[in-house]
Every structure is written in C-alpha cells, then in structure tokens.
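Student: Can you keep this structure in mind? I'll have questions shortly.
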Amino acid sequence: NDNQVTHCTGAGIALWRSWSSQVVRNVAGHCNGNGIQYVADVYSNDEGAVTLSGNTTYENAGDGVRSDVETGWSFGPVVIENNIGYRNDGFGLNVLGSVAPDSVKCNDWFANQSGAVIGVPPSPQDLAVDPIFCNVANDDVHLAPDSPLLDAPDCGLIGALGQGECGP
C-alpha cells in the first residue's frame, strides 16, 4: 500500500496467487506492462477477499488494472473500487475470469486506448471523466482543486493521492 511505481519494465504492481490482500492508494505509471495486475489460479484456492481500491494508474503500456482469476475454483471476492485508469494503452479495467459485477464500482476509466472496461458489464457507478491531474507530464498525479474526483457523488475520493498543490 501507498507505493509510487513509475517507469518500470513490467507491471507496476503485481499480486500472484495472493490471499486476503489489499492493494490500496498506489500509483503506477509509465510502466511497460499493466499498471496493477492480480492473478489467481488453481494453486491460489483461497476464500479471502482481494481489494484493489483507491489506486491511480496512468500511461502504462498495458491495462490500468487487470484481474485474472481462473473460473471454476473457490475464491473470495475481488473488489475493485475508487481507482483511476488514465490513458493506458490497454483497457482501464480488464477482467479475465470471475469477478462479481457488483464488486466493481466508483472507478474512473478515462481515455484508455482500448476502452474503459472489458470482461464485466460497466458499472453504473463508474465514471469516464478527465481526472484533472496537477502535472501528469512530470508524474504528479495529485488531483487539481477543480477535479471531479475529489468528492464524486456517492463515491467520495477516487484515486490514490487526493488534492495536490498544483502550481501555475
């Protein structure tokens, strides 16, 4: 939690066969893979929940957030909420396998090259608005004072960092 990973050669943050985990308030940008990737397979048989919440992914070569859970096995819920996926080359969210559609909500998937979401129906609580970062060109993905994600209706803060002190 609370990591900032930029300009990496693979996925920014990856969980493999993780049990009862939380990936919260992380930033992953300009990576050559997915921003955040969660993979569970037949060896991960676990009933614990995995939460991917309050993260910011931007300008990665893959998806912003990718969840890959093999179907037909017993897993706890995967919760994906209050994340930003901005200008990734893939999707904002790519779900392969089983994630309950109602566990995906209050995310902002904006300007991703392949689209907003694939693998689950779009959530009516998800947004597709410009997050208005302070200075994304210099990896400052704090939200500007006029960002709609600082207090999104019925969602609260979306993203990892909250409001920044944006200069002129």
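Student: Rounded to whole Hz and in sequence order, give me ³J(HN,Hα) for region 28-35 from the Karplus expression 6.51 cos²θ - 1.76 cosθ + 1.60, θ = phi - 60°, writing x for Gly and Pro.
Tutor: Values, residue by residue: 9, x, 6, 8, 7, x, 6, x Hz.
Student: What's the longest bit of the chain with no exposed chymotrypsin sites (Phe, Trp or Tyr not before Pro), using DSSP loop states and at most 16 other Cβ atoms within 10 Å as the test?
Tutor: The reported range is 74-168.
Student: Would you kindly derive the ³J(HN,Hα) couplings of region 53-64 from the backbone phi angles with the Karplus curve 6.51 cos²θ - 1.76 cosθ + 1.60 (θ = phi - 60°), listing them in order in whole Hz, with x for Gly and Pro?
Tutor: Per residue, the Karplus-derived 3J(HN,Hα) values read 9, x, 9, 10, 10, 8, 6, 8, 6, x, 7, x Hz.
Student: Also, quick follow-up: When the solvent-accessible surface of protein heavy atoms is calculated with a 1.4 angstrom probe, in what order do Asp2, Asp108, Asp68 fall, highest first? Before the final figure, lay out the partial values.
Tutor: Details: Asp2 95, Asp108 0, Asp68 45 Å².
Ranked from most to least accessible, the order is Asp2, Asp68, Asp108.
Student: Can you list residues from other chains, or at least 5 along the same chain, whose modelled amide H is less than 5 Å from the amide H of Asp68?
Tutor: Under 5 Å from the amide H of Asp68: Tyr38, Val39, Ala40, Leu96.
Student: For Asp154, Asp139, what's the largest-to-smallest order of accessible area, 1.4 Å probe?
Tutor: The ordering from most to least exposed comes out as Asp154, Asp139.
Student: Next question, about the same structure. Give the relative contact order (percent, whole number) for the chain; include only Cα pairs under 8 Å separated by 6+ residues.
Tutor: After rounding, I find 17 percent.
Student: Taking amide hydrogens as modeled 1.01 Å from N in the peptide plane, which residues meet the under 5 Å criterion relative to Thr51, leaving out close sequence neighbours?
Tutor: Here Ser21, Gln22, Val23, Val79 satisfy the definition.
Student: So what is Rg over Rh here for the chain, counting just Cα atoms and using Kirkwood for Rh?
Tutor: 0.96
Student: To continue, here is another question. Which ³J(HN,Hα) values in Hz, rounded to whole numbers, follow from the phi angles of region 107-116 under the Karplus curve 6.51 cos²θ - 1.76 cosθ + 1.60, where θ = phi - 60° and Gly and Pro get x?
Tutor: 9, 10, 10, 10, 6, 7, 4, 8, x, 7
Student: Another question, if that's okay. Please list, in chain and number order, the residues 5+ apart from Tyr58 or on another chain whose amide H is under 5 Å from its amide H, with Hs placed from the backbone.
Tutor: So Tyr58 has HN proximity to Ala28, Gly29, His30, Tyr86.
The values are calculated or read from the model by the stated rules, or taken from the named source; none is laboratory data. Keep in mind that this is a model prediction, so the values were computed, not measured. Here Cβ is always computed from backbone atoms with ideal geometry, including for glycine, and neighbour counts include all displayed protein chains. Surface accessibility is based on the protein's heavy atoms, side chains included, excluding ligands, DNA and RNA. Shrake-Rupley method; radii C 1.70, N 1.55, O 1.52, S 1.80 Å.
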